[in-house]
Amino acid sequence: MTLTKKPESLPAKNPWGLAAGGNVPWEYAPAPEATDHVRIEREYGLFIGNEFRPSKPRKSFTIINPATEEPLAKVAHASKADVHRAVGAAREAHRSVWSKLPGRERAKYLYRIARILQERSREFAVVESMNSGKPIKESRDVDVPLAAAHFFYYAGWADKLDYAFPNREPRSLGVAAQVIPWNFPLLMLAWKIAPALAAGNTVVLKPASTTPLTAYLFADVVRQADLPLGVVNIITGPGEIGMELVTHPDVAKVAFTGSTAVGKMIARAVAGTGKKVTLELGGKAANIVFDDAPLDQAIEGIINGIYFNQGEVCCAGSRLFVQESVYEPLIDKLKARLGTLRVGDPLDKNTDVGAINSAGQLAKVQELVDSGVAEGAEIFQPDCELPTRGFFFRPTLFTGVSQSHRIAQEEIFGPVLSVLTFRTPEEAIEKANNTPYGLSAGVWTEKGSRIFKMVSAMKAGVVWANTFNRFDPTAPFGGYKESGYGREGGIHGLGAYLDLSGNGRAGR
Ligand code: NDP
């Protein structure tokens, strides 16, 4: 998909060298990623004890490509009995093998998985883009390499738990139940499975119902790496199956990433059971630009902050706060930059914004955008053509947004940016923290002292300075307030999978 028209209301002299009122004078030739090296099965069973097995009773549902609406595969619809089978396989694997292996042996498996992910990275990137709708350049350059990096990183910890947590007698917990969302299917799998295995736990993972294909491809990696039977189990099914899994009495650890509403339901359901819980939920991050910030650099950070992965990112910089004195030049630059984003085929290497993951999510984004217009904010969308099939949405910018607008309060989870203004750092802090969420934030300024002031005042688990959406396996990630609790990544993420009470209770 190529941009052929100049966006509406571009500033008279835009920085991209386009004549005012004129069309973009050139087009990118299509650069589709090859798919002939990828084999998607017609049907996938549940992955239990290193075997793909049909669900009992046999039932399945169809997975589609959100960019074409064409079916990709059928996957098994797990029953309550299947959850029990999967947890049983994980429990037995923990008892008989995995908890008894020395850390250095577990590490070897994790290194092996990391290397296989690297070797099969093209295959994973293509399947991820076909199933989730994300641009191939993101799955190729971000999702897959970061997933491999998590396995490398936690492999390094597997034989050093006593050094990571001195005098705490770290012990594995047992079976970890992991429920993940559709926005980063493989990466969330890696965030969850790598620390769990490094710490000596076994897992049952439930991917989101729209995006299970890279998880089932990962199941193949599990077999290729010769992991002992039942250490990693993967089951598919609707939300209720996720609930069956996390509440199963033989589950010792629950790790969930998804919406705040479901996170709260899980927290209530497992309260008082003694299960260790990590919840990584929604966000409404503030990205704050001061008047001394390098504006062109900030523009790239803003674009990356909200249009990366179609804005379907829990830590997306969806609220932009601009200091009043630079408001106009910044908005002009931002609109011009928005007009250069290429929306379309996720498998085209030139695509910047791919497909929204599902029809339901597209409807949610549209509903919130409509509410922004109805509440009086001013909408800007580049005049780009969208493919006629698939779930696409134009990158959207709202100005004239007030704090009370729904688009400033609710997580949209789409390519929609709400712009607000401020005069002083104190006002920025107050407005930025005025949200039930607290997952991430960004600050753009040349002043180091201001960065420190802002970072310590922001009620957010991660604060980026002069950058946005940077991830690293060594860095802990997690939220405040309704964005959840517990941390993933780094040594903190390892501790979340260990009994550190030192009383010998674990190893169940
Ligand atoms: P959900 O929170 O419903 O889904 C996340 C995962 O939880 C999926 O695997 C889902 O399974 C599972 N799940 C759903 N219901 C339950 C339940 N009752 N008990 C246990 N597990 C359950 O997110 P949605 O896909 O519905 O997205 C809704 C909104 O949530 C988005 O618009 C966005 O705002 C937010 N969201 C936030 C994410 C984040 O990373 N913070 C990620 C995804 C969404 P299944 O797919 O089968 O329903």
Worksheet entry | First in the range 279-296 and over 23 Å from F413 (Cβ atoms), second anywhere and away from the ligand (no atom under 16 Å from the Cβ) and among the aliphatic types (A, V, I, L, M), Cβ under 7 Å, 6 or more apart | D291/V326; L295/V326; L295/L330
Fill in: Residue that is in a helix (DSSP H, G or I) and over 19 Å from the mean Cα position of the chain (by Cα), where the choices are A89, A73, A148
A89
Fill in: Matching residues in the range 426-452 - criterion: being hydroxyl-bearing (S, T, Y) and in contact (Cβ under 8 Å) with a residue 40 or more places away in the chain
T435, Y437, S440, T445
Worksheet item: Does the range 205-214 contain any residue that is over 18 Å from the mean Cα position of the chain (by Cα), within 15 Å of the ligand (Cβ to nearest atom) and crowded, with 24+ Cβ neighbours inside 10 Å?
Response: no
Worksheet item: Checking A12 against (1) at pLDDT 95 or above; (2) more than 29 Å from M243 (Cα to Cα); (3) aliphatic (A, V, I, L, M); (4) over 27 Å from the mean Cα position of the chain (by Cα), which test does it fail?
Response: (1)
Worksheet item: Applying the selection to the range 315-349, what residues are part of a loop (DSSP other than H, G, I, E, B) and of a type in the set (A, V, I, L, M)?
Response: A316, L341, L347
Practice prompt. Would you check if there is a residue in the range 270-282 being surrounded by 18 or more Cβ atoms within 10 Å (Cβ to Cβ), within 16 Å of the ligand (Cβ to nearest atom), of a type in the set (V, I, T) and part of a helix (DSSP H, G or I)?
Written response: yes
Worksheet entry | Residues (more than 7 Å from the ligand (Cβ to nearest atom) and part of a helix (DSSP H, G or I)) located in the range 242-260 | E244, L245, T247, T260
Practice prompt. Being without any contact (Cβ under 8 Å) to a residue 40 or more places away in the chain and either in contact with a helix residue (DSSP H, G or I) (Cβ under 8 Å, 6 or more places away or on another chain) or more than 12 Å from the ligand (Cβ to nearest atom) (or both) is the filter here, so list the residues in the range 219-241 that pass it.
Written response: D220, G239
Worksheet item: Name the pairs whose Cβ atoms lie under 9 Å apart, with the first residue in the range 256-278 and of a type in the set (A, V, I, L, M, F, W, C), the second near the ligand (Cβ under 7 Å from one of its atoms) and assigned to a strand (DSSP E or B), and 6 or more positions between them or separate chains?
Response: F256/V179; F256/E280; V262/V179; V262/F256; I266/V179; I266/F256; A267/F256; V277/F256
Worksheet item: So, in the range 283-314, of the ones that are closer than 22 Å to A359 by Cβ and not in a helix (DSSP H, G or I), which residue ends up nearest to the ligand (Cβ to nearest atom)?
Response: C314
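The values are calculated or read from the model by the stated rules, or taken from the named source; none is laboratory data. Keep in mind it's a predicted model, so treat the numbers as computed, not measured. So basically every Cβ, Gly included, is an ideal-geometry build from the backbone, and we count neighbours across all protein chains shown.
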